[in-house]
Each structure stands twice: as structure tokens, then as C-alpha cells.
Amino acid sequence: MTMQTPEFIDRARWTDRGFLGGWRSLAGGTGEVVNPATGATLATVGMAGAQDVALAAREARAAQKDWAARLPQQRAEIINRAADLLEKHGAELSGWIMRDSGSVQAKAMIEIEHGALFLRHAASLATQPLGTFIIGMDERRQYARRLPHGVVGVISPFNFPLVLSLRSIAPALALGNTVVHKPDPRTAISGGIIIARIFEEAGLPPGVLHVLPGGAEAGEALCTDGNVAMISFTGSSRGGAKVGELCGRHLKKVQLELGGKNPLVILDDADLDVAASNAAWGAFLHQGQICMATGLVLTHEKIAMQLAERLAEKARNLPAGDPDTLQVALGPIISDGQVTAIREVVEDAVAKGAKLLAGGRHQGRFFEATVLAGVKPGMRAFDEEIFGPVACVVSFSTDDEAVELANRSEYGLAGGVISADLGRAMALGERLNVGQLHINDQTVQGGPYAPFGGRGKSGNGSRMGGPADIEEFTQWQWVSVKQAATAYPF
């Protein structure tokens, strides 16, 4: 007899539900998760309203003290088990990432691999030293220790739904917080259901993590709920401004990781083929729907046209289509509205004098890899984050001009410099106003071990990853101890 292995994702468990202390129907009703490549409905999930968020926040607050009181190694064991489960079921789970976020298979597997790394890094945080002794002015013993905030609200986006959720959820849990998570409803499965399942199976106690897909009502409720001490938000700069305003009004700690218009500076001594490869990867990976995507390819005027032509040749050889059924390099754009926005940026650049060397067309949500040469300030392609597969080639004549062009942006997330002269590349790179600088590399970099974030419209200066996780998901408490109380002059 043939035994059929049950699916780990187990649709019957979560269809039409959210994870609120367990799988429950939500007051906000249900919503469809749609494959952006085909328009087909993948599943229906519970949709949270304000009432659901309030209940989750209360339950999370009630569970937090016991969770924080657990031995650190016990918290670490649960999080490591979640990583084991993610890796064990990676082949199944990557398919869901492909279908609800439009990822090609390689990108979906990167999410599985990096998601497990973020979990294991977070587990290691649980057993880190979280305090220090302080020099005193008298006989009192004094020390400072880092304590969890309490309940952390996590709001995550559609583009890397698994990784960009876990990178906040996992360290928050490891350091003794409980979590209420609102994934983007368009990617509720890979950004929410998968996460609830791995932690459920790993033995996370009820009430410690809640996963509530939802829209603006749920997000606003999370930002304003008195039981939620901190919000960790990843998304657009416009959305981040609203979140920051709400949290500020309620005197709530907020971590904002937002968009970028990331410059890749290519100097005149660079290897053209290598530089074009870097620019293509940075501009076109996941259809350009990445906050660290290469937004400007700043190229020395001596090589600008040669570089642009090489880049265009690469673009013409990157097919776009349904990654679930075809061998493609680019999947679908997340929505019809975003397709229109990308097309309008390209049309604006061409109308103002830029040359369209490749792409510029789309079939439905499949937008071709596009190369614009001669992009200049004043064009939307120069000024705006496009969030689509568009490489914008800008020429410069001196290193100083390259720095000036790169730093015109209101954003400040990532930057890269490519040159055969390492000292020259370092000197130029150190003048870029970015939170992440990559020498002889493109701009799309990430991982659990480095502090990730930006400045300006790219974020509020907060960081996540590596040592920054302890700074963000805990706060200092100063403790002084006297052997016995003594009288004061009053």
C-alpha cells in the first residue's frame, strides 16, 4: 500500500482562519490570496479587524511574562526547532512562496535558506550576555540590564514575505517579547501561515505569537493598541511615515525599514562585463521589487554607453513569465497598479530624452527587464523608487560628480562602488549617504549577521540584524542595590 505524506502546510488547519492563540475565525472575515502570475485564487485566509488585533494584543501581553521567564536556552531550543522545520519542508514551502509572491524558484529557496539563518541567529541571541556592572559613586552595587519591551507588533511586506517577517519576529521572541504579526494580505501564506505553522509545530506556547493578515484597519489598530509596546515595520516610505506618526502620537517605540533609490557607482577602470553583471542582478532580481534594488547605475562617461549596451543585452535575455510553470528569470509584478506605475516612469524618462535600450513593455503583470540610458535629474526614473525591473543608467565625469548625483536622493539605504582601484572605490564610497556600503559589489545584500537599515526616507535610523537586534528588541534598566536603607537629610 502506498502511504501519502501529509502536507506540512495542512490547508484544512488554517483555511478561512488566522492564528490567534490557535487557528480561529476572525472578526474581519476572510480574504483571498491570489497568484499574481495567473490571477487564480490560492486559498482563503482569515482577515483581521481591529477587534482581532485588540484580543491578540491582550493575549500576547498576558503570555509575555511567562515566556520571558523561561530559561534562555529553552527559548533558543524552540526557535532552532522552527529553523529545522523550515529547512526540512523547504521544497514544499518554497512552492507557496513562488505562487503567492511571484518569486522564481531560486529566490524562493533563498527565502527558505535565509529564513532558517535568521531563526538560528535569533536563537543565539537568547543566550547572549544582556547586562553590565556600572561604576558607582558610593557603596551601592549598580548594574544595567536589557529587558524585553513586552509585546512587539510586526508589519511586513509582500516582496520577501518570509524573510522580512522572520527577521523581526525571531529576535523579538528570542529576547523574551511576545509578537502580534500582520503580514501583507497578498502574501498571507508565505509571510504568515508558514511562520505560524513552523512555530506551532516547534512547540511555541499558545499566546506567544499571533499571525493576523489584514489591511489598513488592522495595521492602525496594532500601532495604537496600548498593550503593544513596539512596532517593527518594513514597507514603503509612505506607509512608514503613517506608522511613525501613529506610534509617535502614542509614544511607542518604532523601527522603520523603508524604501531606497540605491546607487551603484561604476568607475572608468571597472571590468565592463563584471560591472554589467552586477548592475543586472541589482536591478532585475525579483523584478526589481526589493528595497535594496539598484535604482541608479552611475557610470563614468568614458564607459557609460558600452556599459548600457552590455546591460541591455543581458536584459533582452531575461525572460519574464509564470515561475510555477516556466523557466523564467523574472516573475510577475505584484499588482496591475504597480505595472501601470512602472510603465509611467519609463514613459516619462523617454519623453524627457532618455534612451530605451531594452524592454519597456509588459504582457499583463509580466514586465520585461528594461534599460534606460541617459537618465538625468528631473526625470522620475532618476528621482523615484520604481520597484520594477528598470535599470537607470546615469553618466558622470568625475568622482565628485558621482558622489553628488548619488547623494541627491532623499533615500539612504544601500550603495555600491565598482573599481579596479580599491583605494579609490573606498574613498568614494565613504562619501555616500547610505546605511549599507558595498565595495566591488552591487546593492542587493542581506543576512542575519549585519545591522541592516538606512537613513532619510529609507528609515528612522534603526537597524535590525546582528548586534542591532539586542538594541532594538530590548531596553536598558538601571538597578542599584544598597545593603540596607539609610536616612536622607529631609
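Restricting the stretch 68-139 to trypsin sites (Lys or Arg not before Pro) that sit in a DSSP loop and have at most 16 other Cβ atoms within 10 Å of their own Cβ leaves R70. Each of the peptides 24-30, 9-15 was scored by the mean count of other Cβ atoms within 10 Å over its residues; in descending order, highest first, they stand as 24-30, 9-15. By other beta-carbon atoms within 10 Å, ranking T486, T132, T294 with the fewest at the front produces T486, T132, T294. Each residue of the stretch 142-150 is assigned a 3J(HN,Hα), and the resulting list reads 9, 8, 10, 9, 9, 10, x, 5, x Hz, derived from the Karplus form 6.51 cos²θ - 1.76 cosθ + 1.60 (θ = phi - 60°), x at Gly and Pro. Over all pairs of different C-alpha atoms, the stretch 90-168 has a mean inverse distance whose reciprocal, the Kirkwood radius, equals 15.6 Å.
Which value in deg cm²/dmol, rounded to the nearest 500, describes the helix-derived mean residue ellipticity at 222 nm for the chain, given -39,500 (n - 2.57) per DSSP H run of n ≥ 4 and division by the residue count? For the chain, the value works out to -11500 deg cm²/dmol. Annotation: extensible slack from Q142 through A485 equals 122.0 nm (criterion: 0.36 nm per residue apart, minus Cα-Cα distance). Shape class of the stretch 262-439 from the alpha-carbon gyration tensor: prolate, with a/c at 1.5 or above and a/b greater than b/c.
Here the 3J(HN,Hα) profile of the stretch 9-20, calculated from phi with Karplus coefficients 6.51, -1.76 and 1.60 at θ = phi - 60°, is 5, 6, 3, 4, 5, 10, 4, 6, 10, x, 9, 10 Hz, Gly and Pro shown as x. Give the lysines reachable from K252 as a straight Cα distance under 25 Å; neighbours fewer than 8 places away on the same chain don't count. Excluding near neighbours in sequence, the set is K65, K182, K242, K457. Ordering 328-335, 380-387 by mean Cβ neighbour count within 10 Å, with the highest value first, yields 328-335, 380-387. Using only alpha carbons, the chain has a radius of gyration to Kirkwood radius ratio (Rg to Rh) of 1.01.
Taking N as the residue count of the stretch 154-281, its C-alpha radius of gyration divided by 2.2 N^0.38 Å amounts to 1.28.
Our coupling estimate for the stretch 347-354, obtained by passing each phi through the Karplus curve with A = 6.51, B = -1.76, C = 1.60 and θ = phi - 60°, is 5, 4, 5, 5, 4, 9, x, 6 Hz, Gly and Pro reported as x. Checking every one of the chymotrypsin sites (Phe, Trp or Tyr not before Pro) in the stretch 227-331 against DSSP loop status and a limit of 16 other Cβ atoms within 10 Å picks out no site at all.
Of all DSSP beta bridges confined to the chain, the antiparallel ones make up roughly 40%. With a Förster radius of 51 Å applied to the beta-carbon distance between A12 and S277, the computed FRET efficiency rounds to 0.65. Of the peptides 253-260, 306-313, 217-224, 133-140, the ranking by mean beta-carbon count within 10 Å, highest at the top, reads 253-260, 217-224, 306-313, 133-140. The angle separating the long axis of helix 72-88 from the principal Cα axis of greatest extent in the chain is about 40 degrees.
Cα extents for the stretch 254-360 along the principal axes, largest to smallest and rounded to whole angstrom: 41, 39, 29. Working from label points 7 Å from Cα in the Cα-to-Cβ sense, the Q105 to E404 distance is 5.0 nm. Distant-in-sequence amide contacts of G21, defined by a placed amide H-H separation under 5 Å and a gap of 5 or more residues or a different chain, comprise G207, V211. Applying 1/(1 + (r/R0)^6) with R0 = 45 Å to the Cβ-Cβ distance of W478 and R238 gives a FRET efficiency near 0.75.
FYI, it's all coordinate maths here, none of it is from the lab. Keep in mind the model is a prediction, meaning the values are calculated, not measured. When we count neighbours, we look across all protein chains shown, and the Cβ atoms used for this are built from the backbone with ideal geometry, even at glycine.
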